[in-house]
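> This is the structure, below, for whatever I ask next.
The values are calculated or read from the model by the stated rules, or taken from the named source; none is laboratory data. Computed from a predicted structure; not experimentally measured. Here Cβ is always computed from backbone atoms with ideal geometry, including for glycine, and neighbour counts include all displayed protein chains.
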Amino acid sequence: MTPLQIPLHIPVPLRTSIVKSFTWNWPNTPINLAIIIAAALLFRWLLRRGINWLIGWMLRRTEKRRSSETTHGGIAIGELTGLNAERQAQRTTTVGRLLSNIGVALIVAVAVLWGFDTVGIRLTPVLASAGVLGIALAFGAQSLVKDLLSGLFMIFEDQYGVGDVVEINEIKGTIEDVGLRVTRIRDFDGLIWYIRNGEITQVGNRTQGVATSVTDITVHASEDPMVVMRVLKMVIREIDQDPQFSDSLLETPTVLGVTDITGDKMTFQIATKCVAQTQYDVIRTLRRKAKDAFDEARIRGAF
């Protein structure tokens, strides 16, 4: 046996040591370590390719579903439910990055433990020590673990996203950033709040939802109600066919008729159903067009 082939044994005198016997066999040990590293790199590459393919497939499916929405309000429903292409892309990319990081961490952990076993380091004490350390960290960082798990579920469930107008724990504002541990929100006074995800108990999202509103239109009580309703229905048709509101209106607005007559005022109501936070522009346009149509039809307003 040549000197290069003689195994190198380095005994450690402490019986309680994790390292019982460090063994280095040339060239077997370097070859085994190289195989472990190569296998880890291969699995990491396969994991990244698989996750990238999955993300791409989900995005293509979302885009296909979005392009197939041709009914009235179909695209708006995508905005309503958070299934629009941009929002879905952000959510899918975030989840994919998270899964990729978790997978790489697991691959590295397995490779390191495999490498320890190759050079003669006993795994049982290592795993036992890791278990004890994990329990100690779990007790010492319960709030951190709670924040991370809450943030993970919030991302998966898409409870809110960047740009949404929300009310979180009695704080009202716009979401500026969503992280695994902290959510950043700017209130309507411009103050930035950093809220730990584990402390979020109530979330009200004004952006994801349906906004049903009733708009009052008043005219002089002496006007003919049928003429007024005919003019209002003409205004509604114009708004319903306007491409500007194709992503806002979920249903065609409805004239509810005369709802009140007080003194010289006769009140009509128009019901609209829009994607949340888009109803204000629709209502403003509705009032403006109604005023222009009344002037053209010589219908007196309530003065």
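> Which condition breaks for VAL145 when tested against (1) in a helix (DSSP H, G or I); (2) of a type outside the set (Lys, Arg); (3) under 30 Å from ARG288 (Cβ atoms)?
(3)
> Additional query: List pairs: first residue in the range 141-160 and without any contact (Cβ under 8 Å) to a residue 60 or more places away in the chain, second residue exposed (fewer than 12 other Cβ atoms within 10 Å of the Cβ) and part of a helix (DSSP H, G or I) anywhere in the structure, Cβ distance under 8 angstrom, at least six positions apart or on different chains.
As it stands, the answer is VAL145/ALA138, since those pairs meet every condition given.
> Let me ask another. Within the range 172-189, can one find any residue that is in contact with a strand residue (DSSP E or B) (Cβ under 6 Å, 6 or more places away or on another chain), modelled with pLDDT under 85, surrounded by 19 or more Cβ atoms within 10 Å (Cβ to Cβ) and outside the structural domain of GLN277 (by TED's automatic domain parsing)?
No, because not a single residue in the range 172-189 is in contact with a strand residue (DSSP E or B) (Cβ under 6 Å, 6 or more places away or on another chain), modelled with pLDDT under 85, surrounded by 19 or more Cβ atoms within 10 Å (Cβ to Cβ) and outside the structural domain of GLN277 (by TED's automatic domain parsing).
> Another one. Mind telling me which of the residues VAL235, VAL219 ends up being among the hydrophobic types (A, V, I, L, M, F, W, C), touching a strand residue (DSSP E or B) at 6+ places or on another chain (Cβ under 6 Å) and not assigned by TED's automatic domain parsing to the domain that holds THR174? Outline the logic, then answer.
Working: VAL235 fails: touching a strand residue (DSSP E or B) at 6+ places or on another chain (Cβ under 6 Å).
Answer to the selection: VAL219.
> Can you find a residue in the range 257-265 that is within 36 Å of the chain's Cα centre (by Cα), modelled with pLDDT under 90 and among the polar types (S, T, N, Q)? Spell out how you get there, then give the answer.
First pass over the range 257-265, keeping only residues within 36 Å of the chain's Cα centre (by Cα): none.
Scanning the range 257-265 turns up no residue that is within 36 Å of the chain's Cα centre (by Cα), modelled with pLDDT under 90 and among the polar types (S, T, N, Q).
> So ARG230 fits all but one of (1) out of contact with any Lys or Arg (no Cβ under 9 Å at 6 or more places or on another chain); (2) surrounded by 15 or more Cβ atoms within 10 Å (Cβ to Cβ); (3) not in a strand (DSSP E or B); what number is the exception?
(2)
> Considering GLY198, GLY190, which residue is farther than 30 Å from LYS291 by Cα and either within 17 Å of the chain's Cα centre (by Cα) or not in a loop (DSSP other than H, G, I, E, B) (or both)?
Exactly one of GLY198, GLY190 is farther than 30 Å from LYS291 by Cα and either within 17 Å of the chain's Cα centre (by Cα) or not in a loop (DSSP other than H, G, I, E, B) (or both), namely GLY198.
> Still on this structure: Being touching a residue at least 24 places away in the same chain (Cβ under 8 Å) and either touching a strand residue (DSSP E or B) at 6+ places or on another chain (Cβ under 7 Å) or of a type in the set (Gly, Ala, Ser) (or both) is the requirement here; does TYR194 meet it? Show your work before the answer.
On the way: touching a residue at least 24 places away in the same chain (Cβ under 8 Å): no; either touching a strand residue (DSSP E or B) at 6+ places or on another chain (Cβ under 7 Å) or of a type in the set (Gly, Ala, Ser) (or both): yes.
So TYR194 does not fit the description; no.
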